[in-house]
Amino acid sequence: MNKLFEILEKHLMGPLSTLANTRIIRALMNAGLATVPFTIVSSIFLLINNLPLIIPPLADFLKATVLNYSALYSVGNTMALGSIAVFYVLAFGYYLTLAYQEVVPKMDRFTGAILALYAFLMTIPQVRIIDGKAVLMSAQAETSTVWNGIALGGWVTRFGGVGIFIGIVVTYLAIRLYRACVEYKITIKMPPGVPAGVERAFASLLPAIFIAFMMIIINGVLAAFGTDIHELLSKPFAFVKDIAGSLGGMIVIMLLVHLLWSVGVHGTSIVVNSFVNPILLVALTENMEGAKNIFAGDFKNMFVFIGGAGSTLGLVICMLIWAKSSQLKTLSRAGAVPSLFNINEPIIFGAPIVYNPYLVIPFFVIPLITTTLSYFAISLGMVGYVVAAIPWISPVGVGAFLGTGGNWAAAVLALINLAISIVLYFPFMKMYDNKLYAEEVAAREAESETVAA
């Protein structure tokens with residue numbers, strides 16, 4: 001087991017930690033966190049529309065009252081989730097500029113954010129070169145319309161989750177160009193005494209012009225080939241999304257997360273928050289529109305990370321009921337309440353699970369089992385799909401119920417997964433607890449002999 005820990009430290013922890021600390025990954029993680037409130041706000045209005053399903057006895061009353069105003073309050077859902085790519089671009093532009101300020105202090109975060117948004121907005125119209133002319137596309141379908149080059153559904157289609165990946169790409173290009181302008185002093189300089197707002201406006205003028213020409217050239221070249229950047233990048237993103245949306249792909253993700261945790265590195269932050277969450281966010285937006293992605297939104301917190309990574313709420317319950325050693329009994333009391341809200345750093349580092357051959361095996365295995373069980377439960381229609389965003393601190397069962405739009409079977413599945421974690425942690429916890437208890441007894445006996453002497 002020690003040899004395994006050494007291999008993980010050398011070949012996994014180092015490279016992934018280095019990657020996670022790069023400026024672009026830090027910015028992506030912060031951008032993802034910044035968009036969380038909008039997904040939760042959107043889900044509130046979605047849940048209101050699902051109240052007749054959640055509370056069947058009141059279905060007729062709700063349909064005759066609250067749901068009569070759906071067109072009014074659903075705007076909150078449309079503008080939050082339907083514009084999620086816009087929020088993501090603004091946040092990513094801001095945080096990427098913030099990261100680059102470490103080497104180019106004169107870059108301005110607000111300027112970076114709006115330049116990124118400008119670059120993204122230039123990708124929205126669908127343009128084609130036909131008979132030597134640039135033409136804004138128009139089309140009419142049953143559920144969508146392309147008018148003046150803009151694809152419209154309930155709102156601007158490319159502002160939604162489908163635009164996040166493209167937003168990341170063009171934001172990176174725009175901020176890199178902005179950085180080059182500032183770094184090489186290709187900006188309009190104002191005389192001393194000019195107000196900061198005016199100076200900022202003129203400092204962003206040349207970068208805005210360069211970004212405009214960059215995007216026009218990209219759009220023009222792609223239009224000549226009968227496509228655009230959204231269509232061009234949709235295929236590789238769909239491939240990445242398919243991998244993360246498959247059972248095999250999610251198993252690999254879970255393994256990486258827990259392997260990192262086992263050597264003391266925040267695997268959730270490095271793997272999930274940095275790389276996986278943007279993909280799951282897109283899957284969630286698609287589910288809200290009727291798609292059937294099994295791995296979407298906060299699937300992991302609803303069904304797998306029960307008590308935190310490694311489903312450690314089951315371990316806490318085992319320690320509370322059956323532990324004899326003072327170390328584990330004290331730790332379980334201190335960690336019980338945080339674990340109910342999926343905060344388990346006290347358990348991971350206090351038990352500890354890190355570098356602990358007794359507890360690390362169930363810590364690896366349980367998430368793989370619960371991920372697989374949840375996957376098949378949803379794919380077989382026994383449990384509803386994830387259609388709403390929830391706070392990651394939602395207690396076991398509650399988050400699953402709300403995240404699936406009020407599906408009681410989802411809450412039951414979450415509790416079954418908790419029971420599985422209790423059963424699998426128990427024998428390993430007992431072995432570890434017996435070892436600690438024997439050491440404590442030996443220490444007390446040695447102390448008594450010393451006092452008697």
(request) Leaving out ligands and nucleic acids, note down the accessible area per residue over the chain with a 1.4 angstrom probe, in whole Å². (result) 47
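Given a Förster distance of 25 angstrom, what is the FRET efficiency for residue 78 paired with residue 110, based on the Cβ-Cβ distance and rounded to 0.05?
On the way: r = 26 Å, r/R0 = 1.05.
Result of the calculation: an efficiency of 0.40.
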(message) Given a Förster distance of 45 Å, report the FRET efficiency between residue 59 and residue 138 from their Cβ-Cβ distance, rounded to the nearest 0.05.
(response) 0.60
(message) Distance cut-off 30 Å, Cα to Cα: go down the list 133/235; 63/235; 300/430; 235/292; 292/430 and report the pairs above it.
(response) 63/235; 292/430
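Please give me, ordered by residue number, the chymotrypsin sites (Phe, Trp or Tyr not before Pro) of segment 181-261 that lie in loop per DSSP and have at most 12 other Cβ atoms within 10 Å.
Hits after loop and neighbour filter: 184, 225.
Sorted by accessible area (1.4 Å probe), largest first, how do 61, 275 line up?
Numbers: 61 125, 275 75 Å².
Accessible-area ranking of 61, 275, largest first: 61, 275.
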(request) Find me the longest stretch of the chain that has none of the exposed trypsin sites (Lys or Arg not before Pro), where exposed means in a DSSP loop (not H, G, I, E or B) with at most 16 other Cβ atoms within 10 Å. (result) 325-453
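Report, in debye and to the nearest 20, how large the dipole of segment 45-184 comes out about its Cα centre when Lys and Arg carry +1 and Asp and Glu carry -1 on their Cβ.
Values: 8 positive and 6 negative charges, 45 e Å.
With Lys and Arg at +1 and Asp and Glu at -1, about 220 debye.
If the viscosity is 1.002 mPa s and the temperature 20 °C, what Stokes-Einstein diffusion coefficient in µm²/s follows for segment 327-453 when Rh is the Kirkwood radius over Cα pairs?
127
Counting only GluC sites (Glu not before Pro) that sit in a DSSP loop (anything but H, G, I, E, B) with at most 12 other Cβ atoms within 10 Å, what is the longest stretch of the chain containing none of them?
On the way: sites that count: 102, 142.
The segment 143-453 is the longest one with no such site.
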(request) Round to the nearest 10 and report in Å² the accessible area of residue 187, as given by a 1.4 Å probe over the protein chains' heavy atoms. (result) 40
(request) Starting from the Cα of residue 200, move 7 Å in the Cα-to-Cβ direction to define the label point; list residues of segment 67-95 whose amide nitrogen is under 13 Å from there. (result) 94
(request) Enumerate the lysines that residue 106 could reach by cross-link, defined here as Cα to Cα under 26 Å, with residues fewer than 8 away along the same chain left out. (result) 185, 189
(request) Pick out, from 25, 172, 285, the residue whose Cα sits farthest towards the positive end of the charge dipole of the chain, with +1 on the Cβ of Lys and Arg and -1 on the Cβ of Asp and Glu. (result) 172
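Restricting to DSSP H runs of at least four residues, report the calculated mean residue ellipticity at 222 nm for the chain, -39500 (n - 2.57) per run over all residues, nearest 500 deg cm²/dmol. Please report the intermediate quantities before stating the final value.
On the way: 20 runs with 287 residues, N = 453.
Helix-only estimate at 222 nm: -20500 deg cm²/dmol.
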(message) Suppose the Debye formula is applied to equal point scatterers at every Cα of segment 32-154; what is log10 I(q)/I(0) at q = 0.10, 0.11, 0.19, 0.22 Å⁻¹?
(response) -0.54, -0.62, -1.06, -1.16
(message) Residues of segment 77-118 with the amide nitrogen closer than 15 Å to a label point 7 Å from the Cα of residue 209, along Cα-to-Cβ, please.
(response) none
(request) At 7 Å along the Cα-to-beta-carbon direction for both residue 173 and residue 188, put a label point, then send me their distance in nm to one decimal. (result) 2.5
(request) Among 181, 368, 340, flag the residue with its Cα farthest along the positive direction of the charge dipole of the chain, charges on Cβ as +1 for Lys/Arg and -1 for Asp/Glu. (result) 181
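Computed from the mean reciprocal separation of all distinct C-alpha pairs, what Kirkwood hydrodynamic radius does the chain have, in Å?
Numbers: mean 1/r = 0.0405 Å⁻¹.
That comes to 24.7 Å for the chain.
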(message) Run the simple label-point estimate for residue 380 and residue 71 please: 7 Å along Cα→C-beta, distance reported in nm.
(response) 4.4
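Keeping every protein chain in place, order 426, 401, 299 by accessible area at 1.4 Å, biggest value first, i.e. largest first.
Details: 426 75, 401 30, 299 5 Å².
Largest accessible area first, the residues go 426, 401, 299.
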(message) Could you check the spin-label model distance between residue 444 and residue 361? Points 7 Å from the Cα along Cα→Cβ, value in nm.
(response) 2.9
(request) Would you mind telling me the share, in percent, of accessible area of the chain contributed by carbon and sulfur at probe 1.4 angstrom? (result) 69
(message) Assuming 0.36 nm per residue, please report the length gained on full extension of the stretch residue 269 to residue 326 beyond their Cα-Cα distance.
(response) 17.4 nm
(request) Please sort by residue number the chymotrypsin sites (Phe, Trp or Tyr not before Pro) in segment 80-172 whose DSSP state is loop and whose Cβ has at most 16 other Cβ atoms within 10 Å. (result) 155
(request) May I ask for the distance between the Cα centers of segment 243-301 and segment 92-117, given as a whole number of Å? (result) 28
(request) Assuming a ≥ b ≥ c are the square roots of the Cα gyration tensor eigenvalues, decide whether segment 339-412 counts as rounded (a/c under 1.5), prolate (otherwise, with a/b larger than b/c) or oblate. (result) oblate
(request) Keeping all protein chains in position, work out how much accessible area residue 402 exposes to a 1.4 Å probe, and write it in Å² to the nearest 10. (result) 60
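The values are calculated or read from the model by the stated rules, or taken from the named source; none is laboratory data. In this text, all values refer to a predicted model and were calculated from it rather than measured experimentally. Every residue, glycine among them, receives a Cβ derived from its backbone with ideal geometry; neighbour counts consider all protein chains shown. Accessible surface is based on the protein model in full, side chains and every heavy atom, while ligands, DNA and RNA are left aside. Shrake-Rupley method; radii C 1.70, N 1.55, O 1.52, S 1.80 Å.
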